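The values are calculated or read from the model by the stated rules, or taken from the named source; none is laboratory data. Given the structure is predicted, the values throughout are model-derived calculations rather than measurements. Glycine gets a Cβ as well: all are built from the backbone with ideal geometry, and neighbour counts include every protein chain shown. Areas reflect the complete protein model, heavy atoms only, side chains present, ligands, DNA and RNA absent. Shrake-Rupley method; radii C 1.70, N 1.55, O 1.52, S 1.80 Å.
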Amino acid sequence: VQLQASGGGLVQAGGSLRLSCAFSGRPFSNYAMGWFRQAPGKEREFVAAINRSGGTTYYSDSVKGRFTISRDNAESTVYLQMNILRPEDTAIYYCAAGRYYSGGTLPDHYDYWGQGTLVTVSS
């Protein structure tokens, strides 16, 4: 399995970005997907997750109402729409795929990881 994240960049506070993660190597619909982030000097933290069908989503309290996770099983891609961005959202964002957990909030719930894409929010 390979995951390729993209879409990061520099944005002003209050702005928006859309991250994408392209999945390949196995049937995409067999995997729940998640987004995590890691800021400098901090541990990797859960951001959002989506089940295999895309019918159920999960969010951390810090992004609920601002971020939206979605997936396109025909395109084998998961997205993270990020609105009303804040400086504290600055981090490297990682997508992850998990075979056995749906809505996992811990890194151990995922089997495969992308390389990360940097999001920087200026104040």
**Study point:** Qualifying trypsin sites (Lys or Arg not before Pro) for region 64-123 [loop in DSSP, other Cβ within 10 Å: at most 14]
**Key:** LYS64, ARG99
Revision key, fill the gap. Env charge @ PRO107, Cβ radius under 14 Å, K,R +1 / D,E -1, value -1
**Study point:** Solvent-accessible ranking of TYR59, TYR94, largest area first, probe 1.4 Å
**Key:** TYR59, TYR94
Review point. Where is the GNM fluctuation largest for the chain (alpha-carbon springs, 10 angstrom cutoff): THR56, THR77, THR90?
Key: THR56
**Study point:** Karplus (6.51, -1.76, 1.60) ³J(HN,Hα), θ = phi - 60°, over region 53-64, in Hz, Gly and Pro reported as x
**Key:** 7, x, x, 10, 10, 9, 9, 6, 4, 6, 10, 4
Exercise for review: Send over a whole-number figure in Å² for the accessible area per residue of region 17-65, probe 1.4 Å.
Suggested key: 49
Review point. Quick one: what does P(r) look like for region 52-123 with 5 Å bins over all Cα pairs, in whole %?
Key: 3, 13, 22, 28, 20, 9, 3, 0
**Study point:** Apportionment of accessible area to carbon and sulfur, the chain, percent (1.4 Å)
**Key:** 46
Review point. Sorted by accessible area with a 1.4 angstrom probe, largest first, how do ILE69, ILE84 fall?
Key: ILE84, ILE69
Point to revise | Net charge of neighbours whose Cβ lies under 15 Å from the Cβ of ASP89, counting Lys and Arg as +1 and Asp and Glu as -1 | key: +4
